[in-house]
Amino acid sequence: MKRHLWRLIGLLVLSFLALQAFFALRVAAMAVVDPQSTAFQRSEAWRLLTQDGRILWSQQWVADAAISANLKRAVIASEDAGFTEHSGIEWEAIEKAWDRNQRAEVRAEKRAAQQPGRTVTPKVVGGSTITQQLAKNLMLSGERTVVRKAQEAVLTVWLEVFLSKRRILEIYLNNVEWGEGVFGAQAAARHYFRVDAARLGPEAAARLAVMLPAPKRFEQRPGSAYVSGRAATIVARMGAVELP
């Protein structure tokens, strides 16, 4: 019995190591090969196909030089101010996000107690870096489990080890979602502003950056007061952003 148990444990360990080696090789290849789709994009394509019977898709890969520096600065200012300095994971930001989420949950419970019968959902704040977001979108499901978060952390390490910061940002900006079926900087620039990604000015770039946490929601009202106000704040921060 013990022999079978140890054999099972050995197989599980070997399977885990083989999976990590597979991910490491895929990430290493991205140094020279442009990933044309991500796990998140494929799941979205399947959702659109099963839900609407068709896939509305807009994406065009463009090189780093063809993406406006304004957009790069805006996204870093909005999503990950320490992008060029950290090693992929900002533990302090995660801790702060955890504390904010805990306080939000307590407030939600108080509101629910005051309004019986009504479901109150706390607003969840993330602490993910750009590298972590890329790791999650590239090869992982959207499940919120400890195992998935651990795998995300490992992938984040591989991305930082094998790719430069400039390459990480290039891949991220070419694959991130900016609306229903709208992926990447070029598609977003054409969809919202009718220009190429290289020609995005500071304000337009800031508005796109504002959309990233909830693109499908902001897509409905891209000119809302919140988007305008938040974009103005990002524009003010962009001058201090260091590009990789």
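The values are calculated or read from the model by the stated rules, or taken from the named source; none is laboratory data. Bear in mind the structure is a predicted one, so any value in this text is a computation, not a measurement. Quick reminder, even Gly has a Cβ in these numbers, built from the backbone with ideal geometry, and neighbours come from all protein chains shown.
Matching residues to (1) under 29 Å from residue 236 (Cα atoms); (2) aromatic (Phe, Trp, Tyr); (3) touching a helix residue (DSSP H, G or I) at 6+ places or on another chain (Cβ under 6 Å):
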residue: 139; (1), (2), (3): no, no, yes
residue: 152; (1), (2), (3): no, no, yes
residue: 156; (1), (2), (3): no, no, yes
residue: 173; (1), (2), (3): yes, no, yes
residue: 200; (1), (2), (3): yes, no, yes
residue: 216; (1), (2), (3): yes, no, no
For the range 164-177, check the following and say yes or no: at least one residue is under 12 Å from the mean Cα position of the chain (by Cα), among the small types (Gly, Ala, Ser) and over 30 Å from residue 54 (Cα atoms). no
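Hey, among 225, 236, 205, 214, which residue is within 19 Å of residue 80 (Cα to Cα) and more than 20 Å from the chain's Cα centre (by Cα)?
Values: 225 fails: within 19 Å of residue 80 (Cα to Cα); 205 fails: more than 20 Å from the chain's Cα centre (by Cα); 214 fails: more than 20 Å from the chain's Cα centre (by Cα).
None of the others qualify; the one that does is 236.
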Which one is surrounded by the most Cβ atoms within 10 Å (Cβ to Cβ) among residues in the range 232-244 that are under 12 Å from residue 203 (Cα atoms) and of a type in the set (Val, Ile, Thr)? 234
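State whether the residues of the range 179-196 include one that is acidic (Asp, Glu) and closer than 21 Å to residue 134 by Cα.
Residues of the range 179-196 acidic (Asp, Glu): 180, 196.
Then keep just the ones that are closer than 21 Å to residue 134 by Cα; that gives 180.
Yes, the range 179-196 contains at least one residue that is acidic (Asp, Glu) and closer than 21 Å to residue 134 by Cα.
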Given (1) among the hydrophobic types (A, V, I, L, M, F, W, C); (2) assigned to a helix (DSSP H, G or I); (3) surrounded by 11 or more Cβ atoms within 10 Å (Cβ to Cβ), number of the condition residue 81 does not satisfy: (2)
Among the candidates 12, 5, which residue alone is farther than 23 Å from residue 177 by Cα, surrounded by fewer than 10 Cβ atoms within 10 Å (Cβ to Cβ) and not aromatic (Phe, Trp, Tyr)? 5
Only residues that are in a loop (DSSP other than H, G, I, E, B) and in contact (Cβ under 8 Å) with a residue 60 or more places away in the chain: list them for the range 4-54, please. 30, 31, 34, 35, 37, 38
One residue from 60, 36 being under 18 Å from residue 197 (Cβ atoms) and at pLDDT below 85: 36
Mind checking whether some residue in the range 11-20 is modelled with pLDDT of 85 or more and in contact with a helix residue (DSSP H, G or I) (Cβ under 7 Å, 6 or more places away or on another chain)? no
Can you name every residue in the range 39-70 that is more than 15 Å from the chain's Cα centre (by Cα), under 23 Å from residue 164 (Cβ atoms) and among the aliphatic types (A, V, I, L, M)? 62, 63, 65, 66, 67, 69
Go through the residues of the range 147-156 one by one and say whether even a single one is in contact with a Lys or Arg (Cβ under 7 Å, 6 or more places away or on another chain), of a type outside the set (Val, Ile, Thr) and more than 23 Å from residue 230 (Cβ to Cβ). yes
Could you tell me how many of the residues in the range 32-57 are among the small types (Gly, Ala, Ser) and exposed (fewer than 11 other Cβ atoms within 10 Å of the Cβ)? 1
In the range 218-231, which residues are at pLDDT 90 or above and loosely packed, with under 12 Cβ neighbours inside 10 Å? 225, 226, 229
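Being in a helix (DSSP H, G or I), surrounded by fewer than 22 Cβ atoms within 10 Å (Cβ to Cβ) and in contact with a helix residue (DSSP H, G or I) (Cβ under 9 Å, 6 or more places away or on another chain) narrows it down to one residue among 167, 207; which is it? If you could, list the steps in order and put the result at the bottom.
Details: 207 fails: surrounded by fewer than 22 Cβ atoms within 10 Å (Cβ to Cβ).
Going through 167, 207 in turn, the sole match is 167.
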